[in-house]
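Okay, structure first, notes after.
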Amino acid sequence: MLTRKSIRRNVTQTVALIERNVFFELRFKLVLFTSFLNPFIQIAMPLIIFGAIFSISGDYSFGYWSGETYLLFLLIAFCTQFLRRIVENFRQLFFREKFWKTLQALMVAPINRYVLLFGILISEMILLSIPFTFFLVLTIFIFPIPILNLLIVLGLFFCLAIFFGSLGLIVAVLIVTREGTYRIVKIGLTFLYWLSCVSYPLQIFPEIVQSVILLNPLYYFIDLIRIIWLMGIDYNLAISYLSPLHIIMVSFFTILLPIFSVVLFNVFYKKYGITGY
Amino acid sequence: MALRGIKMGNNENFNSEYDIEIFNLTKIYKIKGKKKEIKALDNINFKVKKGEILGLLGPNGAGKTTIVSILTTLIQPTSGSAKVLGRDILNNKRFVKENVGLMLGGDMIYYRLTGYRNLRFFSKIYNIKDYDKKINDISEKLNLTEWLNQYVENYSAGMKVKLALARVLLIDPKILFLDEPMLGLDPKIAKSIVDMLMKFNKTIFLTSHQMNIVESLCDRIAFLREGNIIKVDSKENFKNFIKAGAKIQINVSDNRKNDLIKTLNNLKFVDDLKVENENIFFVLGSESNYPSLFEAISKFPITKFKEIETDLDDVFIKLSS
């Protein structure tokens, strides 16, 4: 049962995890700095390619992806890419903790798994906040958005971070307990990202692929963020692509996935313990 | 009787005189791919009294760390049960986690953080109030103060062990589980830590291969071999166990050495005969065999005859084999 004391303890533990992770990363500042630079290099190529395509064919469009909005797709995709790193960072962190033998120190401590999830998640969000904010501000600058829509978008990005954090915890427990299975899960994650329409519209894919994409929860997170943003640009166009399924899927997975990931963590850890070190 | 602040909340027996109770504990590891099972612990039973310091000895792979891991909730037993501070460990994991401290040698500390950051992190995880003062106190006792703001990766092996010990002492647990706590420490620091641990007046469960540490720190010793408890007794009784057969060193003139060895080998009450350079060592079955021994060796020009004091190393070697 949650009491004031237990809430205070959970908050203190979450802050401790945040501090620890931030100081881990600050140990090698140059690595952190170059990780911020990478996205700027990565975005250059698609910008050039899409710019060229749309300059040749100005009325070219798929769904709401057009010469006017492709840049919005790209910028939101890059903001999403930053958050996607949370999954990989969870994997790295638990992998290191396993070999440092510090994981035992955490597992033997009276620490709630939700604290573990949110402590690491928030620290990752803090570490990613500098480049993320840069791209977000750039997107706002190019595609101005009403403050209410912006707040909704920020909320949705937070939900997306929870989604990625939960995926991260699932990957983390596999790394700790069944390291071999991680490779299989990684293939699954690759498909999850490919079929999320992160920087392309759904309509560009053949119908059979579209029906698979519509089963992918990640697609709804990204598409909903774009639709809300687009509402500030072309409300009628945006609203025509919004479906109740967007809201249902985003809400469902924001709540369900963290619970599932914590349950999975506990079940796997109890069954297999720490293996492979 | 003081219950050390344990809350009375269910029907389990908190008045037990034991802090640790182990009942028929078995742990089987499955070896992946080989369809093979290893019995790391085989129906173990023993108890540790409140405030007692118990040393768990045994050769590598005997199951010492498995016991510690089960008692600290890191792994699950295959069968059997155990109680820590009167509560079943499987049904009271949170309680156990809040009341035990585990140290695995110089591990369980973050090399990428400074010593202070490590201690601060664990203080917050264990919800320790006024942690800065406690960090300073413990660091001072362990001579860590000057190193607190250095990254742990720059510490010597001994310094890492000290920091690991500081981490576990900081959380002030009711039971300390120390797995090889003095590994890599010089004798002076090891002694100061032993003195410090003895003053803590806590239940300590210690595993170590350093017999001098076990001898000076522990009240009782449990010896584990191939997952079985061979003997649980006081350290004095452990030594007497060997002393029942006195350990003897004999030196003889070189030209008669082989004859003496042959003679000794023929005596039924002589065991574990070993030759190291000019020294001959053996264990005498019992003190009552002395007259027969003297009679047998009287014809040899003995240059040295010495009864060697038994230490825990001898016990370890004897019980391991």
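Give me the inter-chain shielding for A:20-27: mean count of other chain Cβ atoms within 10 Å, whole number please.
4
Please identify, among B:I70, B:I204, B:I31, the residue showing maximal mean-square fluctuation in a Gaussian network model of chain B using a 10 angstrom Cα cutoff.
B:I31
To the nearest 20 debye, what charge dipole does the range B:18-238 have about its Cα centre, counting +1 at the Cβ of each Lys and Arg and -1 at the Cβ of each Asp and Glu?
760
Shape call for the range A:169-261 from the C-alpha gyration tensor, a ≥ b ≥ c root eigenvalues: rounded (a/c under 1.5), prolate (a/b greater than b/c) or oblate?
Prolate, because a/c is 1.5 or more and a/b exceeds b/c.
Setting aside same-chain residues fewer than 8 positions from B:K299, which lysines have a Cα under 29 Å from its Cα?
Of all the lysines, those that pass the test against B:K299 - Cα under 29 Å, at least 8 places apart if same chain - are B:K243, B:K247, B:K257, B:K262, B:K268, B:K274.
Net charge near A:L128, counting Lys/Arg +1 and Asp/Glu -1 over other residues with Cβ under 12 Å of its Cβ?
-1
Tell me the volume per residue, in Å³, of the convex hull enclosing the alpha carbons of the range B:156-275.
Per residue, the Cα convex hull of the range B:156-275 comes to 170 Å³.
Compare the Cα positions of A:T12, B:N251, B:N91 along the charge dipole of the protein assembly as shown (+1 at Cβ of Lys, Arg; -1 at Cβ of Asp, Glu; about the Cα centre) and return the one farthest towards the positive end.
B:N91
With chain A treated as a Gaussian network of Cα nodes joined by springs under 10 Å, which of A:L116, A:L71, A:L47 yields the largest mean-square fluctuation?
Answer for the Gaussian network model of chain A: A:L47.
What is the angle, in °, between the Cα long axis of helix B:187-200 and the longest principal axis of the Cα atoms in chain B? Nearest 10 is fine, range 0 to 90.
60
Rounded, prolate or oblate: which fits the protein assembly as shown, taking a ≥ b ≥ c as square roots of the Cα gyration tensor eigenvalues, rounded meaning a/c under 1.5, else prolate when a/b beats b/c? Mind showing how you got there, number by number?
Working: a/c = 2.83, a/b = 2.58, b/c = 1.10.
Because a/c hits 1.5 or more and a/b exceeds b/c, the protein assembly as shown counts as prolate.
List the aspartates and glutamates whose alpha-carbon lies under 17 Å from that of B:K97, not counting same-chain residues fewer than 8 positions away?
Here the aspartates and glutamates satisfying the reach criterion relative to B:K97 are B:D19, B:E21, B:D88, B:D172, B:D179.
If the limit is 30 Å between Cα atoms, which of B:K35/B:K64; B:K141/B:K235; B:K39/B:K93; B:K64/B:K306 go over it? List each step's numbers first, then the result.
Working: B:K35/B:K64 24 Å; B:K141/B:K235 28 Å; B:K39/B:K93 24 Å; B:K64/B:K306 35 Å.
Distance filter (> 30 Å) returns B:K64/B:K306.
Find the all-direction average of the projected area of the Cα convex hull for the range B:65-142, expressing the result in square nanometres with one decimal place. Can you show the working numbers first?
Working: hull surface 25.5 nm².
With the hull built on Cα positions only, its mean projection is 6.4 nm².
Using Cα atoms only, what is the angle between the long axis of helix B:115-125 and the major principal axis of chain B, expressed in degrees (0 to 90) to the nearest 10?
60
In terms of the Cα gyration tensor, with a ≥ b ≥ c the square roots of its eigenvalues, is the range A:15-74 rounded because a/c is under 1.5, prolate because a/b exceeds b/c, or oblate? Show your work: numbers first, answer last.
On the way: a/c = 8.16, a/b = 2.71, b/c = 3.02.
Here the range A:15-74 falls in the oblate category.
Mind grabbing the base-10 log of I(q)/I(0) for chain A at q = 0.08 Å⁻¹? Debye formula, identical points on the C-alpha positions, no solvent, two decimal places.
Here the Debye-derived log intensity ratios amount to -0.37.
Please give the Cα centre distance for the range A:73-113 versus the range B:54-129, rounded to the nearest Å.
Centre-to-centre distance over Cα atoms comes out at 23 Å.
Peptides A:180-190, B:83-93: what's the order by average Cβ count within 10 Å, highest mean first? Before the final figure, lay out the partial values.
Working: A:180-190: 12.5, B:83-93: 19.7.
Ranked by mean Cβ neighbours within 10 Å, highest first: B:83-93, A:180-190.
Under Stokes-Einstein, with the Kirkwood radius over Cα pairs standing in for Rh, what whole-number D in µm²/s applies to the range B:109-209 at 20 °C and 1.002 mPa s? Walk me through the intermediate numbers first.
Working: Rh = 13.7 Å.
Roughly 156 µm²/s, to the nearest whole number.
At a threshold of 8 angstrom on Cα-Cα distance, excluding pairs fewer than six apart, so keeping six or more, what relative contact order does the range B:18-238 reach in percent?
Values: 425 pairs, mean separation 62.8, N = 221.
Relative contact order for the range B:18-238 comes out at 28 percent.
Strictly greater than 19 Å: what percent of every Cα pair in the range A:48-111 meets that?
The share of Cα pairs beyond 19 Å in the range A:48-111 comes to 57 percent.
So which residue, out of A:T254, A:T14, A:T69, gets the largest mean-square fluctuation from a GNM of chain A using Cα contacts under 10 Å as springs?
Comparing A:T254, A:T14, A:T69 in a Gaussian network model of chain A, the most mobile one is A:T69.
What is the diffusion coefficient of chain B in µm²/s, taking the Kirkwood radius over Cα pairs and the Stokes-Einstein relation at 25 °C with a viscosity of 0.890 mPa s?
110
Using only the alpha-carbon atoms, how far is helix A:217-231 inclined from the longest principal axis of chain A? Give it as 0 to 90 degrees, nearest 10.
50
What 222 nm value per residue comes from the helices of chain A, counting each DSSP H run with n ≥ 4 as -39,500 (n - 2.57) and dividing by all residues, nearest 500 deg cm²/dmol?
-27000 deg cm²/dmol
Every number in this text was worked out from the coordinates using simple rules, so none of it is lab data. Bear in mind the structure is a predicted one, so any value in this text is a computation, not a measurement. In this analysis, Cβ positions are derived from the backbone assuming ideal geometry, glycine residues included, and neighbour counts consider all displayed protein chains.
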